[in-house]
Amino acid sequence: MFDTIIIGAGPIGLACGIEAKKRGLSYLILEKGCLVNSIFNYPDNMTFFSTSDKIEIGDIPFVSINNKPTRNEALEYYRRVKNHCQLDVNLYEEVFDVKKEAELFQITTAKKTYQAKTVVIATGFYDVPNQLNVEGDNLTKVRYYYDNPHRYIDQNVLIIGAANSACDAALECWRKGAKVTMVIRKSTINSRVKYWIKPDIENRIKEGSIKAYFESTVSKITDNQVVINTKDGEKIIENDFVLALIGYQPNFPWLEKIGLQFSEDVKRIPCYDEHSYETNVPNIFISGVVCGGRVTNRWFIENARFHAERVMNEIERKFVSI
């Protein structure tokens, strides 16, 4: 039986474990995938927008070759943090359910059931991609994650979206020899695209190296083509792969299953105390980017890592200090 079970072994989940350990709280971190699973699923060549010092946790320096670290450097950093702090983490152990029985929570995973006084949810949002919901979106050539441009050499690649992931993928695939077309719902590239990427993608579109349909949507996907609704009418283009990089969201069905409530607008922000991060379910806390609901540009590692201290302060106050 633990003082707290932390669900999610991303940077914020690890930060929660560090803060729990500092306070002498018994804890266990449960993760359904590998360590920092979301970062592992980032594009292979991804560079963070934040500088390395902004995504440090546990007062452990993050030294990177350049000012802004890469995905691989982050994977190695958080592995070293986990080992240095000797954090108790169970990987590849998905949590199926969290139920309150008497004064304790029963946390059921793929392997066993644990008991805990409190639960901290630090699951992020990257595991649930937004869906296209058009005919053909279940074809194997349709992908919601981008990893490496090598597989797209000499292929007709359609990229849906205009944020960082879409722009990174478009440029990398084009530079490896793919014929890249972008479908963008709005009239411009997203204003939050990294400052060193935005002029690059805009210039490639302007010169015609990358074809872009603005104010457009995909209406149908077939084995060899994609149908696009544009402001100038319907277009049909030849296609080998579709990268639907249109954003992600928290696992709302699972969060609702364990009793969490959300704002009734499209943002679906979880109901929680902004000081303690305790949710509407007493003794269930949230931490990290999951706090933003569908507003996925509100919380990042650099401003959410401080949630861990507040959460563990409240758990210590409730169960240790009295």
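What follows draws every value from the coordinates through simple rules; no lab data is involved. In this text, all values refer to a predicted model and were calculated from it rather than measured experimentally. Positions of Cβ are backbone-derived with ideal geometry, glycine not excepted, and every protein chain shown enters the neighbour counts.
Structural remarks
- Length-normalised contact order of the chain in % [C-alpha pairs under 8 Å, at least 6 apart]: 19 percent
- FRET efficiency, T222 to S187 (Cβ-Cβ, R0 25 Å, nearest 0.05): 0.35
- DSSP H segments from the chain that extend 15 Å or more along their own axis, Cα-based, with Kyte-Doolittle mean of -0.5 or above: 11-22, 164-175
- Shape summary of segment 142-244, radius of gyration then Dmax from alpha carbon positions: 12.5, 36 Å.
- Among the trypsin sites (Lys or Arg not before Pro) within segment 201-276, those in coil by DSSP and having at most 15 neighbouring Cβ atoms inside 10 Å are K231, K267.
- Largest mean-square fluctuation among L14, L245, L255, in a Gaussian network model of the chain whose springs join Cα atoms under 10 Å apart, belongs to L255.
- Evaluating kT/(6 pi eta Rh) at 20 °C and 1.002 mPa s, with the Kirkwood radius of the chain over Cα pairs in the Stokes-Einstein relation, gives 102 µm² s⁻¹.
- Relative contact order of segment 218-307, defined on C-alpha pairs under 8 angstrom at six or more residues apart (%): 17 percent
- Of the residues H275, H307, the one with the fewest other Cβ atoms within 10 Å heads the list, and the complete ranking is H275, H307.
- The lysines within cross-link reach of K100, meaning a Cα-to-Cα straight distance under 29 Å and a gap of 8 or more places when in the same chain, are K21, K22, K32, K111, K112, K117, K257, K267, K318.
- Cα-Cα separations in segment 1-124 greater than 18 Å, expressed as whole percent: 52 percent
- Antiparallel DSSP beta bridges within the chain, percent to nearest 5: 45 percent
- Qualifying lysines (Cα of each under 22 Å from Cα of K235; at least 8 residues distant if same chain): K141, K179, K186, K206, K211, K220
- Here's how it looks for I7: its modeled amide H is under 5 Å from those of L30, V120, I121, A122, which are all 5 or more places away or on a different chain.
- Inter-centroid distance (Cα atoms) of segment 179-221 relative to segment 31-92, Å: 30 Å
- Average Cα contact separation per residue, segment 135-280, under 8 Å, 6 or more apart, as relative contact order %: 26 percent
- Sorted by Cβ density within 10 Å, fewest first, the residues V183, V95: V95, V183
- Working note: 222 nm ellipticity from helices only, DSSP H runs with n ≥ 4, each -39,500 (n - 2.57), summed and divided by the residues of the chain, gives -6500 deg cm²/dmol to the nearest 500.
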